[in-house]
Every structure is written in structure tokens, then in C-alpha cells.
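Notes to accompany the following structure.
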Amino acid sequence: GDMLDIRIVSNVDGTVVVYWRSPGGRGRERLFRQQVRAGEPASRQIEVPENEGEWVLEGELSDGTATADCTFAVEVQVEPVVRVWLDGLGCEAEYEPGTQDEILYQANVDGEVVLSLRDPEGIANHLFSDRVAAGQTRSAAWRLPEAEGEWLLRAELNDGQASHDCPFSVYAPLTPPTFGDYSVNWVDAAHTCPGDEVSIVVNVFDEDGV
């Protein structure tokens with residue numbers, strides 16, 4: 001869809017007929033005729049074809065005494081995209097300290113992926129770099145941090161062409177306390193009838209603050 005500026009030069013006066021040949025040589029289409037004077041460049045703009053592949057522009061003097069060709073490629077520009085995630089519970093999940101997991105990453109174009117990790121204090125550290133092929137999912141075994149808090153795993157493609165974040169948290173699991181010994185006492189012993197209100201104090205001797 002871009003505009004292509006075609007320049008034509010001939011060493012003799014005449015008429016140049018310009019064609020283009022589609023990828024694979026499947027047919028030739030005439031584009032235009034251009035009057036030229038010896039040694040004077042002439043130009044014409046055309047719209048680049050939509051189909052991808054190798055195209056050939058052909059110029060031919062109308063009397064058939066000379067020809068020239070120019071090959072060019074039409075490629076659709078792909079916006080680079082990179083992804084990174086954790087194999088276990090994925091991103092935005094809570095993990096136990098030191099969990100053994102895998103980092104998975106992929107990109108839609110060939111290039112170098114740089115993995116880094118930002119700690120709960122906001123300090124980023126480089127983990128590793130890897131060359132990837134378009135569409136290929138790569139993996140690396142990884143032990144999650146021991147320190148608790150909010151972490152951020154980042155993948156960056158080709159010096160910042162694209163990036164992707166995978167946030168996760170690390171927290172030790174909460175376990176209910178166990179009681180080895182306790183006593184139960186009535187606060188007020190004057191309870192003589194069913195339905196009377198009473199207060200009970202439980203003293204736990206294993207763990208402070210429970």
C-alpha cells in the first residue's frame with residue numbers, strides 16, 4: 001500500500017513501457033508508458049502491491065532494443081510482541097518461598113529476549129538472555145525467591161522493541177497454631193439457672209499473643 005517512486009533513464013529518446021511481474025513469475029501486468037529523452041530521468045509513482053513476495057519491475061523500450069528490470073520485496077510489517085509467564089500458577093498468583101518452577105517465554109519475531117526480576121524494593125536484576133525464533137516457546141527451570149513480597153518478572157525483546165511483565169507474590173503459608181496445654185475458668189461462678197450469661201477465660205500456654 002506504500003507509494004513507490006519509479007525512476008526511468010534511457011540513453012536514447014523513446015517510449016518506455018513498464019510492467020511488473022508478480023511473485024513466482026505468475027503473469028506480467030503492464031503499468032504505464034513513459035516518454036523519455038536521452039539522459040533525462042523521468043519518474044512516476046505507483047502503489048506497492050498488497051501481496052507479499054518478490055516482485056519484478058520491467059522496463060522496455062517500445063522498439064524492443066533495450067530492457068531493464070528491478071526486483072523488490074513486499075513484506076507486511078509485524079509489530080513485535082513478547083510474552084513471559086510462570087508454568088505453575090501463572091502470573092498474578094501467590095507462591096510459597098523457594099518454589100521450583102519454570103519460566104516460559106515466546107516472541108512473534110526472531111530476536112533476543114532478556115529476562116529480569118524486580119524485587120519488592122523495586123530493584124531490577126538481570127536473570128538471563130536467550131535467542132528465540134518466531135513463535136517458539138522457550139523454557140528455563142527457575143527457583144522462586146525466598147524473600148516475601150511482590151515481585152515482577154519482565155521479558156524485553158530486541159533492546160526494547162517490546163516487553164511484557166509477569167507480576168507474582170511470594171508469601172509463606174499461614175498455619176493455624178497448635179495448643180499443647182490450656183485451662184478454662186469461669187469468671188463468675190454465680191450461674192444457677194439455664195440461660196444465665198457467663199464469661200469464660202481460656203489460657204493458652206504454647207504461643208504468646210494467641
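Given R₀ = 41 Å, FRET efficiency for Arg33-Ala133 by Cβ-Cβ distance, to 0.05? Write down the numbers at each step before the final one.
Details: r = 46 Å, r/R0 = 1.12.
Here the calculated transfer efficiency is 0.35.
Length gain on complete extension for the stretch Asn108 to Asp2, per 0.36 nm per residue less the alpha carbon to alpha carbon distance? Intermediate results must be reported in sequence, preceding the final value.
Numbers: separation 106, 0.36 × 106 = 38.16 nm, distance 2.36 nm.
Taking Asn108 through Asp2 to full extension adds about 35.8 nm, to one decimal.
Work out how much length Asp13 to Glu47 would gain on full extension: take 0.36 nm times their residue separation and subtract the Cα-Cα distance, in nm to one decimal.
Numbers: separation 34, 0.36 × 34 = 12.24 nm, distance 2.66 nm.
Residue separation times 0.36 nm, minus the Cα-Cα distance, leaves 9.6 nm.
Length gain on complete extension for the stretch Val74 to Ser22, per 0.36 nm per residue less the alpha carbon to alpha carbon distance?
On the way: separation 52, 0.36 × 52 = 18.72 nm, distance 1.06 nm.
Roughly 17.7 nm would be gained on extension.
Computed from the coordinates by the stated procedures, all read-outs in this text should not be read as laboratory data. Quick caveat: nothing in here was measured; it's all calculated off a predicted structure. For neighbour counting, all protein chains shown are included, and Cβ atoms are generated from backbone atoms with ideal geometry for every residue, glycine included.
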